[in-house]
Each structure stands twice: as structure tokens, then as C-alpha cells.
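See structure below.
Every number in this text was worked out from the coordinates using simple rules, so none of it is lab data. Quick caveat: nothing in here was measured; it's all calculated off a predicted structure. Cβ atoms come from the backbone with ideal geometry, glycine included; neighbour counts cover every protein chain shown.
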Amino acid sequence: MLLHLIGDGGETLQVAAFRAMVNILTRVQQESSDGAERNKFLVNYVDFAFDDFGDRQTPVYPGLSTVWGSLARSKAKGYRVGPVYDDVLAMAWFFLELIVKSMGLEQSRLFYHNLPLDVPPLQLKEGVFRCIMQLFDCLLTEVHERCKKGLNLAKRLNSTLAFFCYDLLSIIEPRQVFELVSLYMDKFAGVCQSVLHDCKLTFLQIICDHDLFVEMPGRDPTDRNYLSSVLIQEIFLTLDHDDLSQRAKAARILVVLICKHEFDARYQKSEDKLYIAQLYFPLIGQILDEMPVFYNLNAIEKREVLVVILQIIRNLDDTTLIKAWQQSIARTRLFFKLLEECITHFEHNRTGDSLLLGSSSRSPDAERPASPKYSDRLSPSVNAYLSEASRHEIRPQGTPENGYMWNRISPQLSSPNQPYSLREALAQAQSSRIGSTARALRESLHPILRQKLELWEENLSTAVSLEVLGIIDKFSVAAASRSISTDYAKLDCVTSILMGLLSRSQPLTFWKAFLPVVYNIFSLHGATLMARENDRFLKQIAFHLLRLAVFRNDSVRKRAVLGLQILVRNSFNYFKSTTRLRVMLTITLSELLSDVQVTQMKSDGSLEESGEARRLRKSLEEMADVRSKDQLNDCGLPVTALEVAAEGSTDNRWSWVEVKHLSKCLVQALDAGLEHALLGSVMSVDRCAAAEGFYKLALAYAPVPDLHIMWLLHLCDAHQEMQSWAEAAQCAVAVAGVIMQALVGRNDAVWSKEHVASLCRICPIVGTDIGAEVAAAEVEGYGASKLTVDSAVKYLQLANKLFAQAELYHFSASIQELIIPVYKSRRSYGQLAKCHTSLTSIYESILEQEASPIPFIDATYYRVGFYGERFGKLNKREYVFREPRDVRLGDIMEKLSHTYEAKMDVNHTLHIIPDSRQVNADELQPGICYLQITAVDPVMEDEDLESRRERIFSLSTGSVRARVFDRFLFDTPFTKNGKTQGGLEDQWKRRTVLQTEGSFPALVNRLVVIKSESLEFSPVENAIGMIETRTAALRNELEEPRSSEGDQLPRLQSLQRILQGSVAVQVNSGVLSVCTAFLSGEPATRLRSQELQQLIAALLEFMAVCKRAIRVHFRLIGEEDQEFHTQLVNGFQSLTAELSHYIPAILSEL
């Protein structure tokens, strides 16, 4: 009745009836309230009892809207409407639902006899719609005013108006509802107070939750979805709001809507998904226009926005994406900046990532202070929407590999304290605020749910990475056709994304998809990506491929090897060689070895090669394995992926020989680093091994000047600590040589190839041809451009100083002559004067060495043989050691014993072989490690090694010359009966000549023997050699020039010493013993005539030189030496008489 009066009565009666109805409703609300905003009895009345007069009279909604609107307008004008108006606002939901129900009944009755499948919306009459508009406007004003006062009624009224519009969208023409929405948005335009803005977000959240939201038309017939455009505009406006809760709410609204669309069964076709994506695509455009708004969001808000962005892009077609990339280069860059943010914010670091690398001690167990994971802040709205569905999920049984973990959980696990569903558990933990950190929240979960959460997060991270990878693939194809706006010189959009993907932990699923994409990108843009402008990208991708080559998973390793081969293929394609790529890989390998643990501790406390190092070596070796071509198809690559043919040619540029050389160089660098690491604490004891470690590292990194120089300087410092001045000087020369080679190659220095050649004569390692590598090593932070003339001069001066400390002045002179051209070109006359003064001092020192009666010896040399398993790689190898000149045989025996005894264990002992006999390693006792140490002499270049004379080193080096030695010899006496020593007639001699790998002075203290030859001399040849040696010593003393009378005293002393040992009859080991052994009785008959004649000739020459020496002695002596001279004459005469018994002709000869 009251509704009838409100609809058909006069104005006074209508108002009275309306007020009476309000009073009745208020009384019902008070008497039967259960705490809910909507009274259940009134709800039931609207839903079931109200029938709008059964089509016997006009609907109630026009009159109800008119009366209520009139009352609201009166209040707005300031008229007294009494307390009933506040009750009307409190019960507004009921009246608005009555209005909607009345409209719905009218709509259904229009088609009562013929109900179509799709009921058309009700078109409200203009007058009625105007009344509803006026009522809506007045209620909005109440919301606006009361929100400013902070009244709760305003929020309830706002929600009521939102649900009113929500219901109207199902009944009346949507564009009429859009007028109401537009009115609302105008009333709350812009960024307003937080309370008002919260109301606006609530309003949009409710109406956009409509089932037909996706199908809504535009406000104009030519426009698309009006509600989506309003929503996107207001959401973006909210993201720039200062209130954090508003921003979080806006982001969640987006996530919930996108989630609903994705699960909606009506929109599973690709064209439907495309339509939805295009509805939301303008949001991405707004973010790109105002990127600071996005960057100001916190990590949680960024994640939710990025989830929406990824879902939009996922369902977009290629045409829409390409249009987005065609606007400008800057905008395209910003688009990919968003993708980089996706990779960053959805990165998943598993606790077990170290398992991939093997025995690494680096575990990401510590909780990083970075933003929490997405699931840790999973939107409660999403939980509310999906929680019911998750309880009824029916999935096939499976394993963690296919992602189905929850069917393994017993339903009995579910309880109020431990829900069965992961979403329930997360929502419960968040609502109860369990723990203040993400770790505490995780630990509150059941272990199986925790494992499920880890799997879910990994799947999310993988899905994001795969989505970004797919976009990059599409972008590269579009860029190849030059149809988009990007930096074609560097393709920084592609390179930055690929580096972001590679730098993060990814599962096998990702790597399976990654390799074909990278192959396609390099096939399309290889020339750009391999150019010097992209060195940083190339270095990064090489580094991460090498990192993957360490992984324990063979499938990942296999793809890493193929990835490296793709780089090699492009190197062949664009540079026709692998020189520059070898430099790049050498650099990245050096950086990788600082992250990879190449050693591990054994049970006995010693170090051994780790599994990571073994897998890396295996991968590097597989690079050069021809059989790797068989794996191309399994990894999604074409069988021709490694073929390189020039345009218009069928010739394959791929060279397995060059690839094997590349692989060998990288393995050498790995082995050098491993060997250096294995030395560990032994480096302070075994200085030679430590120096060799630095030396091998320097050689391994020779293609990269920076790294080569770094390790050479480490080696130089190590030698200076050992006071090995010559070796340290050679290191400085090698550094200067690298710099000089680079400068000569650039033609921007004062030196030429002749200067480099002269430096090579001092340090042969300088002669290694690395010119091409020096030119190629211009890689971010590594390059020959940093090598200058001043740096070369610096190290030449250091070498000069160190050579002077080693008293190798002839080398110092050569070094100074290389420095002088620099100062000449600069006209630095002061520096030139210093150089020439230094040269004067150097040449004076050389003259002093030559004038000394005691021949100058710069070093002593010892051959050391190693025999025993505990020596490792040294076993059954021989080395020549260069030691200071004051080190004797006993000294080096003591030093090496101390060094290698520390390496013995309880099952092995150390023994030194005291002589230089030949060693048969198979005859040595197991469990004993042997050292054989023998003094050796350096061999001059022009020396006759087949001479039977006894070697006197001072005779071969009477004048100081460049002391560069790579051959050494030692003599070993032996007899045919097995004894070491025997009589002269039985004494044989074996002369062993050793060839070393390189020459001394070298960059190390010891060089390996690469060749050993031996000569044997018979007893009579020994005897002849002994006599000839003494003859040569006397003749050398007689013919040595003397510059002044002051030199006579040293000459007289040395002459007396030699004569006394030659003509004294009591010296039985001299020529008399030779005659007795070979010229008397039976021995003489065993000699061949030629040998007999040579022996007699040698004796006659010896006696003749002795006679001449005695005469010279007489001229040199004074009265104090007359008695000694008489003894020499008497001895000579007695010796002549004794020899005449064996050689009668000697009397006539003398």
C-alpha cells in the first residue's frame, strides 16, 4: 500500500507514505538486527516477496525515485526534512534494491509470453532516468560531504551506490549507467583526499566486478569499453597517490580482475583473450609515459602491476606489439625496462641452487634484505576468489617435476591450524600476522606445503622468464625487418634483457627454450651483437655460458657447450677466425675462476680438484668435439646450426682445428688456475713451484695484455722476495716487451720491430707473437689502449735496476739503449745525460769483470731428477735449477730436502741419490721418493761438445758476453766392470748434454729438460783430454794480454800454480801416470796406432809448453822466487828423463 501511495498519490501523500515506510524499515532493522549491514528479512523481502503489484499497476521505481529525489533536493537546498532523512540514508540499500527489482520485473514482463535467449536491456524513459540521475547526484553529495567528516555512513552509502550501478548494468541500457558513473567520476575527479579516493576505488572495484564487464560497450558507439578506460585512468592516478594503502588497493584491483578474466570459462578463446588484453593495453602506455610513477612504487606494488603487464602482453598479438614499438626509440627502451623489472622482481633463488654447482661452499641460505617474494604478499582478494576452487581441484597424480604436489597431501592434514590448501594457509598466516618476515611465514607452513610453495614460486619465475624470452624473440624478428623504432647500432633492448635473464638462476625448462632463441637472435643480428660496441654484452653472455658449463646437470651443460659453439660460429662468420673470441673467453674464464671453487679438501687435509673444475674442463673439451653436432636436433637447433658459409658461397668457414686450439687455450688457463690454487699453503715453502704457478698463469693469459702483465708482475714480486734478481728482471723485461709490441703494432711509439727484436734477445718470451691478440683485446676494461710509452719505460728502468743487482751488466747496457730513443724523441736532455752516465758506469763494471783474475760466474746450475709418486707431475722428470753463484751442491741438497720432505706422508720417505749415474725408474724401491742432484755447467753456443778435454768453464768465458744458456752438460766417470772408479787404463767418461725448454736467465728458477744426449770417451781419450786440458791452461796463461806492469803479479801467481801441478815429479796422477798406464808393456800393444800417435803428440806438446812457461817464469820472478824457479827447472828435467823411457824422441824434441 505504501509503495502504491508513493507511486500514485499526491505530493503530500507521497512524502508521508515515504516517511512512514522509512519508519517501518528502521523499526524492522532495530528489532531484528544481526550486526549485518543488510537485514536478512529485508533482503528476503526484496528477493522473494516483492512483486511490484503483479503487473496490475505501474512499477514503483519511477515514483520512489521521484519522491526520494525530491526529499534529497529539499535537503540540499537547506530545507528542514527532519531526522527521517538520515534514516533514509542508512536504509538506502533497501530502496535502491527495490528500484532495481522493480526495473527487473518490468523488463521480464515485457517478454512474458516470448522470452528470448538474450533479453535486451531496458531503456529508461528520459524523465525517469532524469529523476534517477538527480537522486544519484544528491546521494553522491552526501557521500562527498560525510566522507570529509569521517563518518562511516558515507562508506556504506558509497558501496550501496556502487552496487546500485552494478545491478543496473544487468537490467537497463549500459550507456545510461555510464552516465551515472560519469557523474560519480566528475564528483570525485582528480587526486582527492584519501578517504574520498578510497571511496572512488571501492566504487570502481564493485562495478568492474560485473560479470559482463568485458562485454560492456563504450560511452560512444565508436568507443570500446567505457568502464575499462575509466578504471585504467583512475588506477594509474592512484598509483601516483601518496597513500600507500590506496596504491596497494589499486594494484590488487587490477590483479583480481585479470585473474578473473583468465579463469573465466567464457573467455578462453584466443580472440577473446586478445580483446581483453587490448582493453587493458592502454595501462602500459600510461606507465611508459610516466615511468617515475612506477619507480616510486614499493616492491609489492611493482609485482602486482608487473603481473598485470605480463598477462596483457602475453595475450597480445604481434601486430599490437609492433605498433607499440614503432613510436620512438626512447619509448621502446622503456618498454623493455619494464620487462627487466619483471625479471628482477620475480627472480627465484632456491636454497638448493648450490646443488647445481656441486661442491660449492657459496650457499644463498641467508635471507636477502631485498623485496619479499610474490607469494609472501599474495593478494587476499585473489585468495578469496580462488580458495574455494582450490579445495575442489582434481589433478592427476604426479611428481614435483610436473608441478602436482598437493594430491600427495593427506586431507587429514587440513585443520583450522594447518589448512589443506596452500592459498588458505598463506591467507591464514597473513591475517593472523604470523612472523614479521617472509622466512617466519614460510616456517609456519607444513613442510609439504612449504615445498609446494617453493615449486609454485619457481614456476612463476620460470613463466615470467619464458614470457620475456618469447617477447625478445618476437622483437628480434621485427627488428630484422627494420619495422620498429630501436637502436639498431647496439640493439640494447635485446642485450639488456638477455643479460638479465642469464644473470639469474633458471631451471632446465628455461634453458631448453633459451638456446633456440639465442640462435635465432644471433642468426638475425650477429653482425651487430658481435661488434665492438656490444663487447660488454658478448662478455656477459660468454661468462654465463661458461658458468652454465660448470653445472652438474648434464642437459644444462650440453646446452652451454652448444651456446659457446654458437658464439664460435658467429666469430667465424663475421671475423673468419676465433682470435677475438679467444680473448673474450679468456677474460671471462678468468672472472669465472674467482667465483668457482676449483679445489676441495680431501680427508687427509690436502687439496684436490673439485667437481666444478672437472665439469668445466669437460665442457671446454667438448667444445672441440665433432660429435657435439649430433646433439643439435635434441636441443631444438637445426642440423646446420654450426655451418658457416659466406653469402653466395658454399664453402664452410667452420674450422675444427681452430676450435680445438681455442679449447686447448681455455683448458690451459683453467689448469693454470687450478694448479695455482692447489699449491695453497705450500707456496711459502716451495718457492719454485709458486713461481711456476704465476708463470703458467702469465702464459695462459698471454692473449690478454692486462691479465698477462698482472701475473708477470706477481711473478716479479715473488722473485724479488727470493732475491732472484735476474729472474725478476726478466719478468720486468717481459712486461715491457708486451707494451712495446702493442705500441709498435699501433705505430704510435718511438720504437720499431728492431727494438723489439733486441729485447727478445734478452728475454726470448718477448718473441711470442701475440700482436693479433693485443689488437683484439679491446674489451671493456681490458685493452691495449692503456699501454703507453711511459709504462714501458717504467718497466725497462725496473729491469735495468734488477739486472744491475744481479751483476748482469751486459743486459743493463742493452736496456739503457732501448730507453735512450724515448728521451731523444722528447728532447729530454737531462734524462739523456742520466742515461749516458749510467751507461758509463755499466761499461766500467763490465771492464772490471773482464779484468778480474778470477773468472766471473753469475750463477750455478744443478740438474735435479724427480722419481716418486708423491712428486705428482714432477715424477720422472728432470729440471735444471739456476741458483745464486755462492750456492754449492750441499746447499741445494739441503734446501730441496727441506722442501720435499714436507710433502711426504707416512708411507713415503725421501732419499737423495749421491751420484750422477743413469737412473732406471723401474728399478727404484716403491715407497721411496728419490732426488738426484748433479752440478752442471752451461754450454756456450760455439762450444765443441765432442772435445775430449776436461771442461774448465772459465776458459770458455774469458770475456763477459750475453749469458743466455739453454744447454748444460756434466761428466760422469764409469768403468766397464760396473765400478764407478778404476785405474787410468779402465776409466771411461760419459758426457751428458741437457737441452732445456727455454733459456736462462728465465722467468722461473728452473726449466724442464726436454732433451738429453750422452757421449762416451774411452780411457785413452780421457788421458789425451787430460793432457790437452793442462796444455791449454798453460797456453792460455802465457797468451793472456796484460795492460800494465801492475798486472804481472796476478799473472805470476796463476802461472806458478799451474806449473807446480804440471812438472813436479811427485805428482803421480799427472803425465807420468798416463805413460805408465798406456805406454808400458801390454797396454801399449792394445792401443791403435792412431791413438798412440795422438797420445805421444799430446805429451810432446805439453812438455814444449811447460818449457816455454818456465822461461816466461824466469823473466817475471824476483830474487825471492829464485829457489822456487830452480825447483821447477829440476822438476822439468826429471820429468823429461822419466818420459824418455817411454818416448825416446822426447830428448831430441826438447
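Tabulated values for the structure
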item: Sequence-distant residues sharing a close amide H with Phe965 (under 5 Å, placed H); result: Phe1000
item: Mean Cβ count within 10 Å, highest first, over the residues of peptides 297-303, 787-793; result: 297-303, 787-793
item: Ranked by how many other beta carbons lie within 10 Å on average, peptides 634-641, 283-290 from highest; result: 283-290, 634-641
item: Taking Glu145, Glu304, Glu533 and counting other C-beta atoms within 10 Å, the order from fewest to most; result: Glu145, Glu533, Glu304
item: Region 194-242: equivalent-ellipsoid semi-axes (sqrt of 5 x gyration tensor eigenvalues, Cα, Å); result: 22, 13, 7
item: Per-residue Cβ neighbour rank within 10 angstrom, fewest leading, Met291, Met185, Met623; result: Met291, Met185, Met623
item: Pairwise FRET efficiency - Thr12 versus Met291, Cβ, R0 = 45 Å, nearest 0.05; result: 0.15
item: Three-way shape label, region 695-851, alpha-carbon gyration tensor, a/c 1.5; result: oblate
item: Note, ³J(HN,Hα) from phi for region 256-263, Karplus 6.51, -1.76, 1.60, rounded to Hz, x at Gly and Pro; result: 5, 5, 4, 4, 5, 4, 5, 8
item: 18 Å Cα-Cα reach of Lys976 towards lysines, excluding residues that sit fewer than 8 places from it in its own chain; result: Lys989
item: FRET efficiency, 1/(1 + (r/R0)^6) with R0 35 Å, evaluated for Leu889 and Phe1124 via beta carbons; result: 0.55
item: Potential lengthening between Lys148 and Glu262 on full extension [0.36 nm per residue; Cα-Cα distance subtracted]; result: 37.2 nm
item: Alpha-carbon gyration tensor eigenvalues x 5, square-rooted, for region 1-189, Å; result: 25, 20, 17
item: Exposure proxy ranking, count of Cβ atoms within 10 Å, fewest first, for His446, His345, His661; result: His661, His446, His345
item: Binned Cα-Cα distances of region 527-581, short to long, each 10 Å bin given as a whole percent; result: 25, 51, 22, 2
item: 5 angstrom amide H check on Tyr930, placed H, neighbours 5+ away; result: Tyr867, Gly868, His911
item: Rounded if a/c under 1.5, otherwise prolate or oblate - region 568-625, Cα gyration tensor axes; result: prolate
item: Stokes-Einstein D in µm²/s, Kirkwood radius over Cα pairs - region 208-305 at 10 °C with 1.306 mPa s viscosity; result: 112
item: Peptides ranked, highest mean first, by Cβ atoms within 10 Å: ranges 572-581, 23-32; result: 572-581, 23-32
item: Debye equation applied to the C-alpha atoms of region 506-547, log10 I(q)/I(0) at 0.24, 0.31, 0.35 Å⁻¹; result: -0.91, -1.09, -1.11
item: Per-residue HN-Hα couplings for region 657-668 [Karplus 6.51, -1.76, 1.60; θ = phi - 60°; Hz; x = Gly/Pro]; result: 5, 5, 5, 5, 5, 4, 4, 4, 5, 5, 5, 4
item: Long-range HN-HN contacts of Ile172 with modeled amide H, under 5 Å; result: Leu122
item: In order through region 907-923: 3J(HN,Hα) via Karplus (6.51 cos²θ - 1.76 cosθ + 1.60), integer Hz, x for Gly, Pro; result: 9, 9, 10, 10, 9, 9, 6, x, 10, 10, 5, 5, 10, 9, 4, 6, 8
item: Förster radius 30 Å - calculated FRET efficiency between Met940 and Leu839, Cβ distance, rounded to 0.05; result: 0.70
